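Comments concern the structure below.
The values are calculated or read from the model by the stated rules, or taken from the named source; none is laboratory data. Being a predicted model, the structure only gives us computed values, none of them experimental. Cβ placement follows ideal geometry from the backbone for every residue including glycine, while neighbour counts extend to all protein chains displayed.
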Amino acid sequence: MNVARDVSELDPARRAAAIGTFDGVHRGHLRVIEAVRDTQLRTAIVTFDPHPRGVLGDPVELLTTLERRLELLEAAGVDDVLVLRFDAALAALPAEEFARRVLRGSGAEAIVAGATFRFGRGRTGDLALLQRMGFDVRRVPLVESISSSHIRHLLDQAEVEQAAALLGRPPEVEGIVVRGDGRGRALGFPTANLRVPPELLVPPDGVYAGWAGGRRAAVSIGTNPHFDGVERRVEAHLLDFDADLYGERLVVELWTRLRDQARFDSLDELVAAIGRDVERAREGSRPS
């Protein structure tokens, strides 16, 4: 997949394009991408970084980093992604000018979008405008109840399995593996501690069954109350694995929530609880 940061970086081609943030690349997004591919033109996605809502004063916790978004778009069969830096200048660009510069400039002949699609300054552009400008407009029915906002709401409630049904895959948390306190290893359950990008949504504190680095995992999110922790962390214990992952990027799937974080009466009780978490993680099923 070709990733461009400016229209000038795209090779000339006849394209069909869809426009949006595509945060999470959920089942609704996949339907749009499928419609783009059905045009038989070169498949293109026009997306934005950072998220427009944040630039416009309404910050949002993201379901996916840009790097992960691009990986998921590639997996969906997209040929080209144009990542536009969303700033005040782009936000102020009139809809018709955006269509001329970006869409026509990219070689887009067909535009695929839902009926409520809006773009340009003040969200004044719509599909009717694109039709008047000569674009082949393909309307895609919205997938009921599937949106990035709804998925965020579910994850804020730790409803990871319901979120997975809308995403079409388990929700994820990702980050770079950094050194922690070493307590997990001392207890017999070494963990990969993630430095999670600050803009990424992290579900509520608790212990989750999941998957990371090609293995099942027991994942702890929270402050580690048994040790009076104050820093919120994401720690993944990869089952039957004990190797150095420091400095590596790790994408962690969350399959189901096992329990709340808790303070135990003794270290032995903590170790026993972690052992039960590990066994439940070993037996869990991947939602989709």
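A few points about this structure:
- Being under 20 Å from the mean Cα position of the chain (by Cα) and of a type in the set (Ser, Thr, Tyr) is not true of Thr191.
- Test: residue in region 252-266 that is outside the structural domain of Thr65 (by TED's automatic domain parsing), free of Cβ contacts under 8 Å to residues at least 12 places away in the same chain and not acidic (Asp, Glu): yes
- From the list Val55, Val46, the lone residue that is over 27 Å from Pro204 (Cβ atoms) and surrounded by fewer than 22 Cβ atoms within 10 Å (Cβ to Cβ) is Val55.
- Selection status of Gly28, in contact with a helix residue (DSSP H, G or I) (Cβ under 6 Å, 6 or more places away or on another chain) and in contact (Cβ under 8 Å) with a residue 12 or more places away in the chain: no
- Residue within region 3-20 that is under 13 Å from the mean Cα position of the chain (by Cα) and either modelled with pLDDT of 95 or more or crowded, with 16+ Cβ neighbours inside 10 Å (or both) present: no
- On inspection, Glu161 does not qualify as surrounded by 15 or more Cβ atoms within 10 Å (Cβ to Cβ) and either more than 26 Å from the chain's Cα centre (by Cα) or modelled with pLDDT under 95 (or both).
- Answer residue from region 183-240, given it is crowded, with 19+ Cβ neighbours inside 10 Å and of a type in the set (Ser, Thr, Tyr) and is nearest to Leu155 (Cα to Cα) among those: Tyr208
- Filter pass, Gly168 being crowded, with 19+ Cβ neighbours inside 10 Å, among the small types (Gly, Ala, Ser) and in contact (Cβ under 8 Å) with a residue 12 or more places away in the chain: no
- Per-region count, region 21-43, residues of a type in the set (Asp, Glu) and either in contact with an Asp or Glu (Cβ under 8 Å, 6 or more places away or on another chain) or buried (at least 17 other Cβ atoms within 10 Å of the Cβ) (or both): 1
- Taking (1) outside any strand (DSSP E or B); (2) in contact (Cβ under 8 Å) with a residue 40 or more places away in the chain; (3) basic (Lys, Arg) in turn, Arg216 satisfies each apart from (1).
- Any hit, region 268-281, residues being at negative phi, within 25 Å of the chain's Cα centre (by Cα) and modelled with pLDDT of 95 or more: yes
- When region 89-134 is filtered for residues that are loosely packed, with under 13 Cβ neighbours inside 10 Å and in a loop (DSSP other than H, G, I, E, B), the ones remaining, listed by number, are Ala92, Ala115, Thr116, Thr124, Gly134.
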